[in-house]
Amino acid sequence: MNQDTEKDIEILDMNEQDTPVEEQQTSSGETVKAIKNPSEMPAKKKHIPLNLHIIFLSLIVIIIGTIAFKLYKWDKGVPLEDDPDFQESDFDIEVLDSIIPLAPDKLEGHEDDGVTTILCLGNDPFSLGRDEDYGLANQIAEKSGATVYNGSFTGSTVSAAYAAYNDGYWMDALSLSYLAEGICTRNFERILAAAYYSYDPAFVPTVEMLQELDMNSVDIICIMYDGIDYIEKRPSDDPNDPYSIVAYTGALRTAIEQFQETYPFIRIVVMSHTFCHSINEEGNFQNGDRTDLGNGTLSHYLQKELDVTSDCGVSWIDNFYGSVNEDNYLEYMTDYIHFNEAGLERLAERFVNCILPQNTAAE
(Lines give C-alpha, C1' and ligand atoms only; values in the text may rest on other atoms or scores of the structure.)
Protein backbone atom coordinates (compact mmCIF):
# COMPACT_ATOMS: atom_id res chain seq x y z
CA MET A 1 0.00 0.00 0.00
CA ASN A 2 1.57 3.27 -1.17
CA GLN A 3 1.42 6.71 0.39
CA ASP A 4 -1.42 7.93 -1.85
CA THR A 5 -3.58 5.13 -0.65
CA GLU A 6 -2.83 6.07 2.93
CA LYS A 7 -4.06 9.60 2.20
CA ASP A 8 -7.30 8.39 0.60
CA ILE A 9 -8.21 5.78 3.13
CA GLU A 10 -8.27 6.19 6.88
CA ILE A 11 -7.14 3.07 8.55
CA LEU A 12 -9.18 2.29 11.60
CA ASP A 13 -8.03 1.34 14.97
CA MET A 14 -9.48 -2.15 15.26
CA ASN A 15 -10.07 -1.63 18.95
CA GLU A 16 -12.75 0.97 18.20
CA GLN A 17 -15.51 -1.55 17.65
CA ASP A 18 -18.29 1.02 17.58
CA THR A 19 -16.94 2.85 14.48
CA PRO A 20 -18.88 1.99 11.27
CA VAL A 21 -16.36 0.46 8.76
CA GLU A 22 -16.36 -1.35 5.42
CA GLU A 23 -13.81 -3.38 3.53
CA GLN A 24 -12.27 -1.69 0.49
CA GLN A 25 -9.62 -2.73 -2.04
CA THR A 26 -6.70 -0.56 -2.84
CA SER A 27 -5.33 -0.03 -6.37
CA SER A 28 -2.72 -2.68 -5.62
CA GLY A 29 -5.44 -5.18 -4.88
CA GLU A 30 -5.09 -5.22 -1.13
CA THR A 31 -8.15 -5.33 1.03
CA VAL A 32 -8.26 -2.85 3.82
CA LYS A 33 -10.86 -1.66 6.32
CA ALA A 34 -11.85 1.95 6.09
CA ILE A 35 -14.36 4.22 7.68
CA LYS A 36 -17.67 3.66 6.05
CA ASN A 37 -18.78 7.27 6.42
CA PRO A 38 -16.78 9.68 8.59
CA SER A 39 -19.91 11.70 9.33
CA GLU A 40 -21.48 8.65 10.98
CA MET A 41 -18.75 8.27 13.53
CA PRO A 42 -20.09 8.54 17.06
CA ALA A 43 -19.06 11.59 18.96
CA LYS A 44 -16.70 11.03 21.75
CA LYS A 45 -18.40 11.05 25.17
CA LYS A 46 -17.66 14.09 27.22
CA HIS A 47 -17.10 13.56 30.95
CA ILE A 48 -18.45 16.45 33.05
CA PRO A 49 -16.38 16.80 36.18
CA LEU A 50 -18.38 16.67 39.52
CA ASN A 51 -18.03 19.72 41.70
CA LEU A 52 -18.76 18.86 45.39
CA HIS A 53 -19.16 22.52 46.26
CA ILE A 54 -21.96 22.91 43.74
CA ILE A 55 -23.74 19.75 45.04
CA PHE A 56 -23.46 20.89 48.63
CA LEU A 57 -24.72 24.37 47.76
CA SER A 58 -27.70 22.86 45.90
CA LEU A 59 -28.65 20.76 48.92
CA ILE A 60 -28.57 23.82 51.15
CA VAL A 61 -30.82 25.71 48.74
CA ILE A 62 -33.31 22.80 48.66
CA ILE A 63 -33.42 22.53 52.47
CA ILE A 64 -33.88 26.27 52.94
CA GLY A 65 -36.64 26.30 50.33
CA THR A 66 -38.46 23.40 52.03
CA ILE A 67 -38.31 25.09 55.42
CA ALA A 68 -39.57 28.36 53.98
CA PHE A 69 -42.50 26.56 52.34
CA LYS A 70 -43.41 24.76 55.57
CA LEU A 71 -43.35 28.03 57.52
CA TYR A 72 -45.51 29.73 54.95
CA LYS A 73 -48.03 26.88 55.03
CA TRP A 74 -48.07 26.81 58.84
CA ASP A 75 -48.65 30.57 58.98
CA LYS A 76 -51.62 30.20 56.65
CA GLY A 77 -53.10 27.40 58.73
CA VAL A 78 -55.37 24.63 57.54
CA PRO A 79 -59.15 24.67 57.18
CA LEU A 80 -61.05 23.03 60.04
CA GLU A 81 -63.50 20.29 59.21
CA ASP A 82 -65.32 20.72 62.55
CA ASP A 83 -68.16 23.16 62.96
CA PRO A 84 -66.77 26.08 65.03
CA ASP A 85 -70.22 26.70 66.50
CA PHE A 86 -70.51 23.14 67.82
CA GLN A 87 -70.19 22.76 71.58
CA GLU A 88 -69.89 19.61 73.63
CA SER A 89 -72.74 19.16 76.09
CA ASP A 90 -70.48 17.31 78.52
CA PHE A 91 -67.04 18.50 79.52
CA ASP A 92 -64.08 16.49 80.66
CA ILE A 93 -64.28 17.05 84.42
CA GLU A 94 -62.40 15.04 87.00
CA VAL A 95 -64.86 13.64 89.55
CA LEU A 96 -63.57 13.17 93.10
CA ASP A 97 -65.78 10.29 94.28
CA SER A 98 -64.40 8.23 97.17
CA ILE A 99 -66.42 5.02 97.45
CA ILE A 100 -65.49 2.90 100.48
CA PRO A 101 -67.34 -0.35 101.28
CA LEU A 102 -68.24 -1.19 104.85
CA ALA A 103 -65.63 -3.41 106.47
CA PRO A 104 -66.96 -7.00 106.84
CA ASP A 105 -66.04 -7.12 110.53
CA LYS A 106 -68.54 -4.30 111.18
CA LEU A 107 -71.34 -6.70 110.27
CA GLU A 108 -70.32 -9.39 112.74
CA GLY A 109 -73.24 -10.23 115.03
CA HIS A 110 -75.68 -8.18 112.96
CA GLU A 111 -78.61 -10.04 111.43
CA ASP A 112 -79.36 -9.08 107.83
CA ASP A 113 -83.07 -9.02 107.05
CA GLY A 114 -82.46 -9.30 103.31
CA VAL A 115 -83.93 -5.89 102.52
CA THR A 116 -81.76 -2.90 101.61
CA THR A 117 -82.96 -0.05 103.83
CA ILE A 118 -81.73 3.52 103.48
CA LEU A 119 -82.24 6.48 105.84
CA CYS A 120 -81.79 9.86 104.13
CA LEU A 121 -80.78 12.84 106.25
CA GLY A 122 -80.31 16.39 105.03
CA ASN A 123 -82.20 19.47 103.90
CA ASP A 124 -83.84 20.73 100.71
CA PRO A 125 -82.48 18.22 98.15
CA PHE A 126 -84.36 15.52 100.08
CA SER A 127 -87.20 17.52 101.61
CA LEU A 128 -88.55 19.33 98.52
CA GLY A 129 -90.94 17.10 96.61
CA ARG A 130 -90.76 14.49 99.35
CA ASP A 131 -94.34 13.36 98.69
CA GLU A 132 -93.95 13.34 94.91
CA ASP A 133 -92.57 10.66 92.65
CA TYR A 134 -89.79 13.00 91.53
CA GLY A 135 -88.56 13.54 95.11
CA LEU A 136 -84.94 12.49 95.57
CA ALA A 137 -85.61 9.82 98.21
CA ASN A 138 -88.47 8.40 96.17
CA GLN A 139 -86.35 8.27 93.03
CA ILE A 140 -83.56 6.45 94.89
CA ALA A 141 -86.13 3.90 96.04
CA GLU A 142 -87.49 3.46 92.53
CA LYS A 143 -84.11 3.16 90.84
CA SER A 144 -82.56 0.83 93.42
CA GLY A 145 -85.50 -1.21 94.71
CA ALA A 146 -84.49 -0.29 98.27
CA THR A 147 -86.74 0.79 101.13
CA VAL A 148 -85.99 4.47 101.70
CA TYR A 149 -86.93 6.66 104.69
CA ASN A 150 -86.76 10.43 104.37
CA GLY A 151 -85.52 12.13 107.56
CA SER A 152 -84.77 15.56 106.07
CA PHE A 153 -85.76 19.07 107.18
CA THR A 154 -86.10 22.02 104.81
CA GLY A 155 -83.70 24.88 105.57
CA SER A 156 -81.66 22.96 108.12
CA THR A 157 -77.86 23.10 108.17
CA VAL A 158 -74.93 20.80 108.89
CA SER A 159 -73.46 23.15 111.51
CA ALA A 160 -75.22 24.73 114.46
CA ALA A 161 -75.45 28.49 114.91
CA TYR A 162 -74.48 28.25 118.61
CA ALA A 163 -72.02 26.06 120.46
CA ALA A 164 -74.58 25.52 123.25
CA TYR A 165 -78.24 24.95 122.43
CA ASN A 166 -80.30 28.13 122.51
CA ASP A 167 -84.07 27.77 122.79
CA GLY A 168 -84.42 31.05 120.95
CA TYR A 169 -82.90 29.45 117.87
CA TRP A 170 -84.76 26.16 117.63
CA MET A 171 -83.50 25.38 114.11
CA ASP A 172 -80.23 24.24 115.68
CA ALA A 173 -82.08 21.20 117.02
CA LEU A 174 -82.60 20.12 113.41
CA SER A 175 -78.95 20.57 112.41
CA LEU A 176 -76.96 17.44 111.65
CA SER A 177 -75.04 16.99 114.91
CA TYR A 178 -78.18 17.41 117.08
CA LEU A 179 -80.13 15.14 114.74
CA ALA A 180 -77.46 12.44 114.96
CA GLU A 181 -77.43 12.74 118.75
CA GLY A 182 -81.20 12.25 118.90
CA ILE A 183 -81.13 9.23 116.58
CA CYS A 184 -78.26 7.60 118.46
CA THR A 185 -79.59 8.25 121.99
CA ARG A 186 -83.24 7.77 120.93
CA ASN A 187 -84.05 11.06 122.70
CA PHE A 188 -86.09 13.22 120.32
CA GLU A 189 -87.56 15.66 122.86
CA ARG A 190 -85.61 18.70 121.66
CA ILE A 191 -85.99 17.78 118.00
CA LEU A 192 -89.75 17.26 118.33
CA ALA A 193 -90.15 20.59 120.11
CA ALA A 194 -88.34 22.32 117.25
CA ALA A 195 -90.61 20.57 114.76
CA TYR A 196 -93.68 21.94 116.54
CA TYR A 197 -92.19 25.44 116.49
CA SER A 198 -91.80 25.31 112.72
CA TYR A 199 -94.45 26.17 110.17
CA ASP A 200 -93.55 23.21 107.95
CA PRO A 201 -96.27 20.54 108.22
CA ALA A 202 -93.77 17.83 107.27
CA PHE A 203 -91.49 18.37 110.27
CA VAL A 204 -93.52 16.65 112.99
CA PRO A 205 -94.35 13.53 110.91
CA THR A 206 -90.66 13.29 110.00
CA VAL A 207 -89.57 13.33 113.65
CA GLU A 208 -92.24 10.75 114.50
CA MET A 209 -90.96 8.51 111.73
CA LEU A 210 -87.42 8.75 113.11
CA GLN A 211 -88.71 7.87 116.59
CA GLU A 212 -90.41 4.73 115.33
CA LEU A 213 -87.72 3.61 112.89
CA ASP A 214 -85.86 0.45 113.91
CA MET A 215 -82.25 1.41 113.29
CA ASN A 216 -81.22 -2.25 113.31
CA SER A 217 -83.01 -2.57 109.97
CA VAL A 218 -81.08 0.31 108.39
CA ASP A 219 -78.23 -0.62 106.07
CA ILE A 220 -77.21 2.82 104.76
CA ILE A 221 -77.40 6.37 106.08
CA CYS A 222 -77.22 8.84 103.22
CA ILE A 223 -76.39 12.44 104.17
CA MET A 224 -76.85 15.33 101.76
CA TYR A 225 -77.11 19.08 102.36
CA ASP A 226 -76.97 21.80 99.75
CA GLY A 227 -74.61 24.79 100.02
CA ILE A 228 -76.59 26.43 102.83
CA ASP A 229 -73.70 26.41 105.32
CA TYR A 230 -71.59 28.32 102.83
CA ILE A 231 -74.42 30.79 102.15
CA GLU A 232 -75.09 31.25 105.90
CA LYS A 233 -71.37 32.02 106.32
CA ARG A 234 -70.84 29.23 108.83
CA PRO A 235 -67.13 28.48 109.44
CA SER A 236 -65.86 25.72 107.19
CA ASP A 237 -63.69 24.32 109.99
CA ASP A 238 -62.07 25.11 113.33
CA PRO A 239 -58.34 24.29 113.34
CA ASN A 240 -58.35 24.28 117.15
CA ASP A 241 -61.34 21.97 117.52
CA PRO A 242 -62.08 19.38 114.82
CA TYR A 243 -65.37 18.53 116.58
CA SER A 244 -66.77 22.05 116.89
CA ILE A 245 -70.45 21.77 115.96
CA VAL A 246 -70.59 25.42 114.89
CA ALA A 247 -68.12 24.60 112.10
CA TYR A 248 -69.23 22.79 108.97
CA THR A 249 -66.66 20.02 109.15
CA GLY A 250 -66.76 19.75 112.94
CA ALA A 251 -70.50 19.07 112.95
CA LEU A 252 -70.13 16.57 110.11
CA ARG A 253 -67.31 14.71 111.86
CA THR A 254 -69.25 14.65 115.15
CA ALA A 255 -72.36 13.18 113.47
CA ILE A 256 -70.49 10.55 111.45
CA GLU A 257 -68.52 9.27 114.44
CA GLN A 258 -71.67 9.12 116.58
CA PHE A 259 -73.34 6.93 113.97
CA GLN A 260 -70.25 4.75 113.63
CA GLU A 261 -69.99 4.18 117.38
CA THR A 262 -73.69 3.48 117.91
CA TYR A 263 -74.49 1.65 114.68
CA PRO A 264 -71.21 0.20 113.33
CA PHE A 265 -73.13 -2.08 110.95
CA ILE A 266 -74.61 0.87 109.02
CA ARG A 267 -72.73 2.07 105.98
CA ILE A 268 -72.52 5.87 105.81
CA VAL A 269 -72.56 7.73 102.51
CA VAL A 270 -72.12 11.50 102.25
CA MET A 271 -73.34 13.17 99.07
CA SER A 272 -71.63 16.51 98.58
CA HIS A 273 -73.37 19.77 97.80
CA THR A 274 -73.61 20.81 94.17
CA PHE A 275 -72.70 24.09 92.54
CA CYS A 276 -74.86 27.02 93.62
CA HIS A 277 -74.89 30.80 93.86
CA SER A 278 -75.15 33.16 96.77
CA ILE A 279 -77.14 36.40 96.58
CA ASN A 280 -75.50 39.71 97.37
CA GLU A 281 -77.08 42.79 98.97
CA GLU A 282 -78.19 44.07 95.57
CA GLY A 283 -80.04 40.83 94.91
CA ASN A 284 -77.60 39.62 92.28
CA PHE A 285 -76.29 36.09 91.97
CA GLN A 286 -72.67 35.47 92.97
CA ASN A 287 -70.83 32.41 91.65
CA GLY A 288 -70.24 30.13 94.65
CA ASP A 289 -67.02 28.76 93.22
CA ARG A 290 -65.53 32.24 92.84
CA THR A 291 -66.98 34.16 95.77
CA ASP A 292 -65.51 33.93 99.26
CA LEU A 293 -68.16 34.98 101.78
CA GLY A 294 -65.65 35.00 104.62
CA ASN A 295 -64.83 31.32 105.15
CA GLY A 296 -63.71 30.20 101.72
CA THR A 297 -65.41 29.52 98.42
CA LEU A 298 -67.88 26.71 97.83
CA SER A 299 -65.12 24.46 96.50
CA HIS A 300 -63.19 25.08 99.72
CA TYR A 301 -66.11 23.65 101.70
CA LEU A 302 -66.13 20.74 99.27
CA GLN A 303 -62.49 19.91 99.94
CA LYS A 304 -62.99 20.16 103.69
CA GLU A 305 -65.94 17.79 103.48
CA LEU A 306 -63.87 15.31 101.48
CA ASP A 307 -61.13 15.49 104.11
CA VAL A 308 -63.58 14.60 106.89
CA THR A 309 -65.13 11.66 105.05
CA SER A 310 -61.64 10.34 104.24
CA ASP A 311 -60.60 10.64 107.90
CA CYS A 312 -63.76 8.81 109.01
CA GLY A 313 -63.50 6.13 106.30
CA VAL A 314 -66.94 6.65 104.79
CA SER A 315 -68.10 6.93 101.19
CA TRP A 316 -68.30 10.32 99.55
CA ILE A 317 -70.07 11.16 96.27
CA ASP A 318 -68.88 14.26 94.47
CA ASN A 319 -71.92 16.15 93.20
CA PHE A 320 -70.07 19.46 92.82
CA TYR A 321 -68.18 18.25 89.76
CA GLY A 322 -69.99 15.00 88.99
CA SER A 323 -73.67 16.01 89.04
CA VAL A 324 -74.71 19.67 88.92
CA ASN A 325 -71.79 21.97 88.19
CA GLU A 326 -71.05 25.45 86.90
CA ASP A 327 -71.40 24.33 83.28
CA ASN A 328 -74.78 22.61 83.46
CA TYR A 329 -76.65 24.09 86.45
CA LEU A 330 -79.15 25.97 84.25
CA GLU A 331 -80.42 22.60 83.07
CA TYR A 332 -80.93 21.20 86.57
CA MET A 333 -81.78 24.08 88.92
CA THR A 334 -84.83 26.31 89.37
CA ASP A 335 -83.00 29.14 91.09
CA TYR A 336 -79.70 29.86 92.80
CA ILE A 337 -79.72 26.65 94.89
CA HIS A 338 -82.80 24.44 94.37
CA PHE A 339 -83.21 21.59 91.88
CA ASN A 340 -85.83 20.84 89.28
CA GLU A 341 -87.07 17.32 88.57
CA ALA A 342 -84.21 16.60 86.16
CA GLY A 343 -81.71 17.71 88.78
CA LEU A 344 -83.19 15.43 91.44
CA GLU A 345 -83.16 12.54 89.00
CA ARG A 346 -79.51 13.17 88.20
CA LEU A 347 -78.65 13.09 91.91
CA ALA A 348 -80.60 9.87 92.39
CA GLU A 349 -78.83 8.22 89.48
CA ARG A 350 -75.44 9.22 90.88
CA PHE A 351 -76.22 7.70 94.26
CA VAL A 352 -77.53 4.43 92.84
CA ASN A 353 -74.71 4.05 90.30
CA CYS A 354 -72.07 4.68 92.96
CA ILE A 355 -73.51 2.74 95.89
CA LEU A 356 -76.12 0.23 94.69
CA PRO A 357 -75.50 -0.54 91.00
CA GLN A 358 -76.36 -4.21 91.52
CA ASN A 359 -79.77 -3.21 92.98
CA THR A 360 -80.77 -1.04 90.03
CA ALA A 361 -84.39 -1.79 89.19
CA ALA A 362 -85.10 -2.66 85.59
CA GLU A 363 -86.83 0.14 83.76
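In percent, rounded to a whole number, the relative contact order of the range 210-252 is 23, using alpha-carbon pairs under 8 Å and six or more apart.
What is the log10 of I(q)/I(0) for the range 212-325, computed with the Debye formula using one identical point scatterer on each Cα and no solvent, at q = 0.10, 0.13 Å⁻¹? Here the Debye-derived log intensity ratios amount to -0.32, -0.52. Sparse packing (at most 11 other Cβ atoms within 10 Å of the Cβ) combined with a DSSP loop state is found for the following trypsin sites (Lys or Arg not before Pro) in the range 162-245: 186, 233. The alpha carbon convex hull volume per residue for the range 102-174 rounds to 148 Å³. Computed with a 1.4 Å probe on the full set of protein chains, the accessible area for residue 106 sits at about 90 Å². Counting only heavy atoms of the protein chains and using a 1.4 Å probe, residue 102 has close to 50 Å² of accessible surface. The GluC sites (Glu not before Pro) of the range 249-332 meeting both criteria, a DSSP state outside H, G, I, E and B (loop) and at most 14 other C-beta atoms within 10 angstrom of the site's C-beta, are 281, 282.
The 3J(HN,Hα) values that the Karplus relation (6.51, -1.76, 1.60; θ = phi - 60°) gives for the range 159-169 are, in residue order, 8, 9, 7, 10, 5, 10, 4, 10, 4, x, 10 Hz. Gly and Pro appear as x.
Whole-Hz ³J(HN,Hα) for each residue in the range 195-210, computed from phi via Karplus 6.51 cos²θ - 1.76 cosθ + 1.60 with θ = phi - 60°, x for glycine and proline: what do you get? Coupling constants for the range 195-210: 5, 5, 5, 6, 9, 8, x, 8, 5, 5, x, 5, 5, 4, 4, 5 Hz. Ranking 111, 349 by solvent-accessible area of protein heavy atoms (1.4 Å probe, all protein chains present), from largest to smallest, gives 111, 349. Of the whole protein surface, residue 53 contributes about 150 Å² of accessible area at a 1.4 Å probe radius.
Between the beta carbons of residue 94 and residue 265, assuming R0 = 41 Å, the FRET efficiency works out to 0.80 to the nearest 0.05. The label point for residue 199 and the one for residue 71, both projected 7 Å from the Cα toward the Cβ, are 7.5 nm apart.
The DSSP beta bridges internal to the range 192-345 are antiparallel in roughly 35% of cases. Label positions at residue 240 and residue 330, each projected 7 Å from the Cα along the C-beta direction, are separated by 4.6 nm. Based on Cα contacts under 8 Å between residues 6+ apart, the range 280-363 shows a relative contact order of 16 percent. The amide H of residue 315, built 1.01 Å from its N in the peptide plane, has 100, 268, 270 as neighbours under 5 Å, considering only residues 5 or more places off or on other chains.
Per-residue Karplus couplings for the range 285-300, computed as 6.51 cos²θ - 1.76 cosθ + 1.60 with θ equal to phi - 60°, are listed in order as 5, 10, 4, x, 7, 10, 10, 8, 8, x, 10, x, 7, 4, 5, 5 Hz, Gly and Pro entered as x. Among the chymotrypsin sites (Phe, Trp or Tyr not before Pro) in the range 191-259, those located in a DSSP loop and surrounded by at most 14 other Cβ atoms within 10 Å of their own Cβ are 199, 243.
The values are calculated or read from the model by the stated rules, or taken from the named source; none is laboratory data. These numbers come from a predicted model, not from an experiment. With ideal geometry, Cβ positions are generated from the backbone for all residues, glycine too; neighbour counts draw on all protein chains shown. Surface accessibility is based on the protein's heavy atoms, side chains included, excluding ligands, DNA and RNA. Shrake-Rupley method; radii C 1.70, N 1.55, O 1.52, S 1.80 Å.
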